[in-house]
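The values are calculated or read from the model by the stated rules, or taken from the named source; none is laboratory data. What you see is a predicted model; the values in this text were computed from it and never measured. Neighbour counts are summed over all protein chains in view; Cβ atoms, including those assigned to glycine, are modelled from backbone coordinates with ideal geometry. These area figures cover heavy atoms from the full protein model, side chains too; ligands, DNA and RNA do not enter into them. Shrake-Rupley method; radii C 1.70, N 1.55, O 1.52, S 1.80 Å.
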Amino acid sequence: MSAIATDIDQICINTIRGLSMDAVQKANSGHPGLPMGAAAMAYALWTKHLRHNPKNPHWFNRDRFILSAGHGSMLLYSLLFLTGYDLSLDDIKQFRQWRSKTPGHPENTHTPGVEMATGPLGQGFATSVGYAIAEKYLSSYFNRPGHDIIDHFTLGICSDGDLMEGITNEAASLAGHLKLGKIIFLYDNNHISLDGPTSDTFTEDVVARFRALDWHVIEVNGMDVKEVDDAITVAKLHTEAPTLISAETIIGFGSPNRQNTHLAHGEALGPDEVKLAKQTLGIPLEPDFYVPDEALKFYREAVPKGAEEEADWDKKFAAYATEFPELAKELRALIKGDFGQAWIDALPVIDDKIATRASSGKVLNAIAASLPTMIAGSADLSGSTIITIKDDGQFQADNPTGRTMAYGVREHAMIAAVNGINLHGACKAYSGTFLVFSDYCRGSIRLAAIMELPSIYVFTHDSIGLGEDGPTHQPIEHLMALRAIPNLDVFRPADGHETAVGWKVALQSKKTPTLMVLTRQAVPNLTPSDVKNHPAEKGAYVLREASSKAKCQVVGTGSEVSVAVEAAEALEKEGIPTRVISMPSWLLFSRQSEEYQKSVFPKGLPTVSVEAGTTLGWAKYAQAQVGIDHFGASAPGPLLMEKFGITAAHVVELAKGLLAE
């Protein structure tokens, strides 16, 4: 086009392109190419299919839209502003600036209407599987004949980069197996990545791959609004499988010198090229951030339309509540994030000498009946992690009311799916695998912490104490590496009582994910039995006071708390009064008052730490450390603890050394 566009579709599409070009140019940072190329198909999806209410972004039965290609964030911000969310043109102008509502990649805690943070490629796509699992489970649990009270889609846009990441293949395989037909993804197939054409690195047949993964696949011209519109219509009717719409697009469309090249991908076009692109597209050169009245009027029709859709749903819900009052009451509470108090009353007191993974299993099955939308899951290790909710069966395509997910050997997709289930709302999901495999999952765990999402992750086999499997399965550096993630509660309980407390903390958390770290080996019960009012909720506490004024103290976590107790008893016999600190959670302890922290770790009191992992970081609390700063070995767990010095005798030796200084 060389003249000002007059067709309303084209005006609306070009408005997205113009806003995206200008915002990236003003910031001199960002990715203009994707919004310019994907504008037409995003316009088709948002104006013709997406059910949402801009004035109530949290309306429960809305469709969820996920921009998995989060680098194209200006596409999403433009749509949110134009359709009437609480995002202004001034916010668009502050793209990528300090404390703006338009950060470089979408973040759910910054911008109204953003469902999740999508920075790392593949995360949005994989997390969407969790959204669809939640929708399928909740609709099966709550819907009744004539009352489809939960009925919505998870729609998104993904890129070549998303589909190169391994997590998307894990997630797509799972979604295909489960026949999650409420997932529809538009694949922005523009053949360009940041370094150059995808032909340099990515020549597989994506369409064939997704068909092999049991997806319904449609191929369209992504620059043609009608083709995209028709494809989404077909996809919505095809609910026996998730749908991938492979949409051929032109990255940086309209930029004469940069479209269809990697130069449009990850940097501002430059003022001269922006001018040329606007002239090509028929966008007025002045002012910057031009929004035609007719485009804004058209987009803002989403406001009354969304209000009407929510009002219609409210009427349906009222009819549902009349016929099924108890179910309606339950759903209302869950939507608010209220999981009741009955599960707290059901928390068991576990006095047995058993592994904390076994204690965890007892806790879960004691409270499961009081938490009917709690969903378990394991990466092919349910027998080892003991996370199964008994008697309710597996969640499968033909059994969507099953409460235990069989994720298969797909650790990373599992954690992303757990995040998606919890982001969806009204459910509480957790998952289980071995601690050493947290390396495969770290990206999703970190994202949950950024999103202030209280997901729950169970990681068992937490040290060299697991024994014969050897160093490939024995975590060493993992506890500290995970503790380094801000806003992640790494909770390593000492016994069955603290394990119950860990679950209480995790299920009550509102903005912090919890990572439960559990033993394979049996541990004695040493801590207070009042699991409803336990000092472990403070992260660290004095488990045993010294017989008289303490001369030193020993701090331990998990299975090593028993080592700390044994060492303290030995020191007491030698006339050295010794305190014992149990410290299941560094994060919870850091959130206590300064006065409380000083009461647990008094200044000047010699302290020895004992934990069967790296000693790195323990200097913050202890002047001497017992741990392991090298890989383990294949042998029985108790022997390894002895050979590597995770013993009471070693603790005693170091404590005496501190006192002799």
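Some points to look at:
- Most tightly packed first, judged by the mean number of other beta-carbon atoms within 10 Å of their residues, the peptides 124-131, 62-69, 281-288, 574-581 read 124-131, 62-69, 574-581, 281-288.
- When only alpha carbons are used to place a centre, region 69-140 and region 324-393 end up 31 Å from one another.
- Cα centroid separation - region 438-501 against region 184-260, whole Å: 37
- Amide H contacts of TYR187 (H built 1.01 Å from N, in plane; Pro and chain starts excluded): CYS158, ILE245, SER246, ALA247 sit under 5 Å, all sequence-distant by 5 or more or on other chains.
- Nearest-10 value in Å² for the accessible area of MET164, using the 1.4 Å probe: 80
- Note on the chain: antiparallel DSSP beta bridges, both residues inside, total approximately 15 percent of the bridges counted.
- If the segment from THR233 to TYR596 were pulled out straight at 0.36 nm per residue, it would be longer than the present Cα-Cα gap by 124.7 nm.
- Phi to ³J(HN,Hα) by Karplus 6.51 cos²θ - 1.76 cosθ + 1.60 over region 39-45, Hz, x for Gly, Pro: 4, 5, 6, 5, 4, 4, 5
- Across the alpha-carbon set of region 531-661, the Rg to Rh ratio works out to 0.96, Rh being the Kirkwood radius.
- Region 336-443, Rg to Rh (Cα coordinates; Rh as Kirkwood inverse mean 1/r): 0.96
- For region 13-28, backbone phi angles converted through the Karplus equation (6.51, -1.76, 1.60; θ = phi - 60°) give residue-by-residue couplings of 5, 5, 4, 4, 4, x, 4, 5, 4, 5, 5, 5, 5, 4, 6, 6 Hz, Gly and Pro being listed as x.
- Cα pair distances exceeding 18 angstrom across region 253-325, given as percent: 63
- Residues with amide H under 5 Å from that of GLY432, placed H, sequence gap 5 or more: GLY377, SER378, ALA379, VAL458
- Each label point was placed 7 Å from the Cα along the Cα-to-Cβ direction; for ALA212 and SER140 their separation is 2.8 nm.
- Close amide-amide hydrogen proximity is noted between ALA406 and PHE395, each under 5 Å apart and 5 or more residues distant or on a separate chain (H modeled in the peptide plane; Pro and chain starts excluded).
- The aspartates and glutamates within cross-link reach of LYS297, meaning a Cα-to-Cα straight distance under 15 Å and a gap of 8 or more places when in the same chain, are ASP7, ASP9.
- J(HN,Hα) series, region 510-516, from Karplus relation 6.51 cos²θ - 1.76 cosθ + 1.60, nearest Hz, glycine and proline x: 10, 9, 10, x, 10, 10, 7
- Of the accessible area of the chain, computed with a 1.4 Å probe over protein heavy atoms only, carbon and sulfur atoms account for 51 percent.
- Helix-only mean residue ellipticity at 222 nm for the chain, each DSSP H run of n ≥ 4 adding -39500 (n - 2.57), per residue, nearest 500: -12500 deg cm²/dmol
- Share of alpha-carbon pairs per 10 Å distance bin for region 468-599, given as whole %: 12, 40, 35, 12, 1
- Relative contact order (percent, whole number), the chain, Cα cutoff 8 Å, 6+ residue spacing: 12
- The aspartates and glutamates whose alpha-carbon is closer than 20 Å to the alpha-carbon of LYS390, local same-chain residues fewer than 8 away aside, are ASP345, ASP380, ASP398.
- Whole-angstrom gap from region 1-68 to region 516-576, using each part's C-alpha centre: 57
- With the Kirkwood sum run over all distinct C-alpha pairs, region 1-135 has a hydrodynamic radius of 15.2 Å.
- Where the alpha-carbon atoms of region 512-558 are placed on the principal axes, they occupy 37, 25, 20 Å, in descending order.
- Accessible area expressed per residue, region 101-205, with surrounding protein chains retained (probe 1.4 Å, Å²): 30
- Average accessible area per residue (Å²) across region 503-643 - probe 1.4 Å, nucleic acids and ligands excluded: 43
- Computed over region 304-349, the quotient of the alpha carbon radius of gyration and 2.2 N^0.38 Å is 1.61.
- In this label model, LEU616 and ASN221 are separated by 5.5 nm, measuring between points 7 Å along each Cα→Cβ vector.
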